[in-house]
Amino acid sequence: MTKTNQYWAIGISIAGLYFGISIMFGYIPGLESDVGTFQRLAKLAAMGVAEYGYFQTGLGAIVASLAFALLCLFSGKGSPDGGMGLD
């Protein structure tokens, strides 16, 4: 595991916690954004809120971000090029 992987995992965890906790408290970040990626993520969260409610959608966002952070943390393990196939 490299320092870059650790930084990505920390960043993804923090972003996921912010996004999930915000949803749990009834605020969906990104709905008023002009950035397409944030708008798509907010629309996905709004659909989840409509189907499952604020708490479950926020909890799902937190769990998904922590799972993705773990994948980032251990990706490319044992490869000098970080798993990019440049050996």
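The values are calculated or read from the model by the stated rules, or taken from the named source; none is laboratory data. Treat the numbers as computed from the prediction; the structure is a model and nothing was measured. Quick reminder, even Gly has a Cβ in these numbers, built from the backbone with ideal geometry, and neighbours come from all protein chains shown.
Got at least one residue in segment 9-21 being under 17 Å from VAL63 (Cα atoms), hydroxyl-bearing (Ser, Thr, Tyr) and at pLDDT 90 or above?
yes
For segment 1-25, which positions are surrounded by fewer than 18 Cβ atoms within 10 Å (Cβ to Cβ) and among the aliphatic types (A, V, I, L, M)?
Looking only at segment 1-25, we keep the residues that are surrounded by fewer than 18 Cβ atoms within 10 Å (Cβ to Cβ), and these are 1-4, 6-8, 10-11, 14-15, 17-18, 21-22, 24-25.
If the condition is that a residue be surrounded by fewer than 18 Cβ atoms within 10 Å (Cβ to Cβ) and among the aliphatic types (A, V, I, L, M), then MET1, ILE10, ILE14, ALA15, LEU17, ILE21, MET24 are the ones that fit.
Rundown of residues vs (1) of a type in the set (Asp, Glu); (2) touching a Phe, Trp or Tyr at 6+ places or on another chain (Cβ under 9 Å); (3) at pLDDT 90 or above, yes/no style:
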site: PHE55; (1), (2), (3): no, no, yes
site: GLY58; (1), (2), (3): no, yes, yes
site: ALA67; (1), (2), (3): no, no, yes
site: PRO80; (1), (2), (3): no, no, no
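Quickly run through segment 56-70 and pick out the residues that are of a type in the set (A, V, I, L, M, F, W, C), surrounded by 14 or more Cβ atoms within 10 Å (Cβ to Cβ) and more than 9 Å from the chain's Cα centre (by Cα).
Once the filter is applied, which keeps residues that are of a type in the set (A, V, I, L, M, F, W, C), surrounded by 14 or more Cβ atoms within 10 Å (Cβ to Cβ) and more than 9 Å from the chain's Cα centre (by Cα), segment 56-70 yields only LEU59.
Name the residues in segment 26-49 that are surrounded by 15 or more Cβ atoms within 10 Å (Cβ to Cβ), farther than 15 Å from GLY16 by Cβ and of a type in the set (Gly, Ala, Ser), would you?
Within segment 26-49, just ALA46 meets the criteria.
So that you can scan it fast, the table gives a plain yes or no per residue for (1) of a type outside the set (Ser, Thr, Tyr); (2) over 23 Å from ILE10 (Cβ atoms); (3) in a helix (DSSP H, G or I):
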| residue | (1), (2), (3) |
| --- | --- |
| GLY30 | yes, no, no |
| ASP34 | yes, yes, no |
| GLN39 | yes, yes, yes |
| LYS43 | yes, yes, yes |
| MET47 | yes, yes, yes |
| ALA50 | yes, yes, yes |
| GLN56 | yes, yes, yes |
| GLY60 | yes, no, yes |
| SER65 | no, no, yes |
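Could you tell me how many of the residues in segment 27-45 are in contact with a Gly (Cβ under 9 Å, 6 or more places away or on another chain), without any contact (Cβ under 8 Å) to a residue 24 or more places away in the chain and of a type in the set (A, V, I, L, M)?
In the first step, residues of segment 27-45 are kept if they are in contact with a Gly (Cβ under 9 Å, 6 or more places away or on another chain); the result is 37-43, 45.
Filter once more, keeping what is without any contact (Cβ under 8 Å) to a residue 24 or more places away in the chain: 37-43.
Within this subset, residues satisfying the condition of being of a type in the set (A, V, I, L, M) are 41-42.
So the answer is 2.
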